[in-house]
């Protein structure tokens, strides 16, 4: 006798079939469309991930780009030094290594950059101006496995990283800089008394405490002493600690042709408060007025209202080289670039109980930008995330003034990363940039299609259907102006009186590090340069697991000098040592937001690009080096 299915079984089977057909359609229909995601054009494959000697699969410790597979660092000691493709491959491999989930050998949790192989660099101390290094914590439960380790970490999670607000653009000597018209001016703190009051020299070279600062009818700055009398022929002096940071004896000794210096006079330095905000005074006493938004503490915020947080970190090679080089134990004044250099650093580290996991990675410095994950679609599911301690603010009614009120621990999502490292032949370091696909729309750019024909990719769509983090409903017009700045008094204030602190709308003006109107390096045209970067992105993404969160980040380019010397000028027709090449106009939307340029202008330098300010091939190429304390 044949068994007939019950009505319940028929219903269940029918329901299953309907759901199997309908649910995928619903998923497609209901899934939030992230219109901000950049779509790469169908460019010619001119820079594949694999080279003639190193396959892409060999980047991975397991030999295959499986989901969340660990990547090993590039061998910087034996770097091929063959432009441009090998520089770009080095950059991408280093990023994938830094963002790899940490293997047990790293003794940490999370990603490689947050493992004990790396040290976080603090903001400058407000009194000494010096930064400190703090090693990422190791996982005390690394010896456990499975459920035990997970439960132990939940019960006692590692201390989160501390992140600050936007990292100011820094000049050649590690101090913030501002741009006034076409001039770059590095902002130096003035000398202060023991209780933090401004001290200057009068016409008899006698130190006088300033009680008031005001402007004359002609607009000149006037300094008044404690008896409210004008100080004649005032001379500003270097801050008590500035000489130590700069390693100099007098201001004139640090003059760089492209940079001037100005003293920042903050209201907090004056007893009789007459200033509404900081003023910038040249050593001659002349007051300069930066353009709106060009102050040294710009704050960036997403369109959804989340502040952007920043961090700086270095690897153990960088930290131990700095520590051993200061007293002269490790000779030289350039970051390690060969086997002999790194052997000296290893010997010093071993003598102090530290073993390098990746000595051939050489010296690495990274800068990162972050946003609160809870403000993102899917709670930041498509981002690299971690827990972090960030500033917390009390906000005025009109949201124009924010005052820091302690800190809070939140989950943050990675927006962008600068990867900087020394290699064979390049003590000036390779400077690379990566950003999340949803950060900022691109302006139009040239590229070469599959058939080898030059094409133009139109600007990314901006409007009601887009969800870019840093772009509003209409395309903004450069130069972009920040809405708010952070002061040294733990406050955020709107740059425009009476307006709330809100997100700034920006676009990426040189999407792949090349200006639209000028060849970025001697080997390729603008279109060919862009195509190298685009094709490497596409090839890496095509080979990696599509659900690996690292494919959500784009490589924007890398830059270096032709001969490994200190940078002298961007490439503009002449080639030779110290010429900046690669994607020489490289800029990120979350870190160089307000100093981007879409064009090469009049041959001036500094200009856009990392090496416009990092103009050295000694340790001074790192703006944090001289202002960072040794480990011990």
Here the convex hull volume per residue of segment 341-408, taken over Cα atoms and given in Å³, is 181 Å³
Hey, can you rank 561-568, 187-194, 351-358, 511-518 by average C-beta count inside 10 Å, highest first? 511-518, 561-568, 187-194, 351-358
Beta carbons within 10 angstrom, averaged per residue: use that to sort the peptides 39-52, 89-102, highest first. 89-102, 39-52
Using only C-alpha positions, report the orientation-averaged shadow area of the convex hull of segment 525-576, nm², one decimal. 4.9 nm²
Return the Rg/Rh value of segment 299-621, two decimal places, where both radii are evaluated on C-alpha atoms and Rh is the Kirkwood radius. 0.98
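Please report the antiparallel percentage of the DSSP beta bridges confined to segment 420-556, to the nearest 5. Spell out each step's value before the answer.
On the way: 14 of 15 bridges.
Around 95 percent antiparallel, to the nearest 5.
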Please list 360-373, 443-456 highest first by mean number of surrounding beta-carbon atoms within 10 Å per residue. 360-373, 443-456
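Throughout, read-outs are computed from the coordinates displayed, never taken from laboratory work. Treat the numbers as computed from the prediction; the structure is a model and nothing was measured. Here Cβ is always computed from backbone atoms with ideal geometry, including for glycine, and neighbour counts include all displayed protein chains.
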